[in-house]
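The values are calculated or read from the model by the stated rules, or taken from the named source; none is laboratory data. These figures come from a predicted structure and were not determined experimentally. Ideal geometry is used to build each Cβ from the backbone, glycine not excepted, and the neighbour counts take in all protein chains shown. Areas reflect the complete protein model, heavy atoms only, side chains present, ligands, DNA and RNA absent. Shrake-Rupley method; radii C 1.70, N 1.55, O 1.52, S 1.80 Å.
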Amino acid sequence: MGNSVRVLATALLSAGLLSGCGSGDAPSKTFEYAQKGAYSAEISPTGKFTVLGSFNHGGSLWNDLQQERLYNWNHANGEYTIIAATAFAPDETYAATANQQDLVLWSLQDGRPAGFWRSPAEILGMDLSPNGDYALLGLADHTAVYFDIKNGGVKRTLGHQARVKAVDLSEDAQFALTGSDAWKTKFWNVETNELLHTIELGNVVDTVALAPNNEKAFSSASLDDAIIWNTKTGKVIHALTDNRDLFARRVTYTAAEFSTDSQRLLTGTNSGTVQLWNVATGEQLREWAIKKRDAYGPNSTAVYAVGFGQGKYYAVGSNGIFNELK
């Protein structure tokens, strides 16, 4: 590398252009859900609730409309559980929390547990079917399993060649989308256990999301590819990240959610930015930077969860702060 190029690259890195550091509009409102930060978070489909796994107090359910803690959810009396994964049923009847080995199903109506189970292997990702009947678990043993979270037992096993940490179920639980450390994202028919499509990305797969119409999917790899693709054909429609030259930003997407009409996609990154995309064109419509605890310094805030509300958008950061975006 010539000296002039080296100086330019250093300047770009300092400015955060290659790492995708947070930029964009500020949140309209912010609320503290966890004082010291969080291990995990998920926003419910309507944006009404957030389930959070905090550093200090374990699991909890929040009303996002009133910024009120509704229930404390831990897996053992007198202990704060390290909640590594969280999920909501699409009809918002149940939520689930998981540490590395245990998973608990919780009723949103009264906050009580409806099922407590041991996982077949370490849990890395999770999603729920309607009415909380089944959990799709991404596991460290190179599988994703469709688990009966009310009665116990594995109904389906979806194989990979490495750890599976990204999973998403369709709203009708007919299809599953998974992503692994073997750089592959896979689309499955859950009822038949049939593998419908496999797409190889350029790094480990961090985040996946299915559109409510089951026709589009989002898959992203760490500091590499981020794509919207057609689940019927397996063809890529849009690439949201372009790494072909020195000036391209390398971004790791850590959260993604499609709108209920499947026309927009909301994404969050490990550098604290949230983007709104037009699914049909691949155009970025908006960008926000979620709140950091300190305005200056090397501290970083990843986006753990994003969601759609009525005329607004939501995001939860790894620092435990809930962001309302307009």
Of all residues making up the stretch 62-83, the number that are assigned to a loop (DSSP other than H, G, I, E, B) and crowded, with 19+ Cβ neighbours inside 10 Å
5
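Keeping to the stretch 272-297, report how many residues are over 22 Å from HIS238 (Cα atoms) and in contact (Cβ under 8 Å) with a residue 24 or more places away in the chain. Spell out the reasoning first.
Residues of the stretch 272-297 over 22 Å from HIS238 (Cα atoms): 272, 289-297.
Of the ones still in play, those that are also in contact (Cβ under 8 Å) with a residue 24 or more places away in the chain are 272, 289-293.
Summing the residues that are over 22 Å from HIS238 (Cα atoms) and in contact (Cβ under 8 Å) with a residue 24 or more places away in the chain in the stretch 272-297 gives 6.
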Quick one: is ASP172 within 16 Å of the chain's Cα centre (by Cα), open to solvent by 10 Å² or more (accessible area, probe 1.4 Å) and modelled with pLDDT of 95 or more?
no
Whichever residue in the stretch 249-269 is assigned to a loop (DSSP other than H, G, I, E, B), under 17 Å from the mean Cα position of the chain (by Cα) and touching a residue at least 60 places away in the same chain (Cβ under 8 Å) and, among such residues, is nearest to GLU215 (Cα to Cα):
THR260
Condition first: open to solvent by 40 Å² or more (accessible area, probe 1.4 Å) and part of a strand (DSSP E or B). Now tell me which residues in the stretch 126-147 satisfy that.
TYR134
Selection within the stretch 292-317 - crowded, with 21+ Cβ neighbours inside 10 Å and not in a strand (DSSP E or B):
THR301
Would you mind finding the one in ASN193, ASN213, ASN189 that is more than 22 Å from ALA98 (Cβ to Cβ) and within 19 Å of the chain's Cα centre (by Cα)?
ASN213
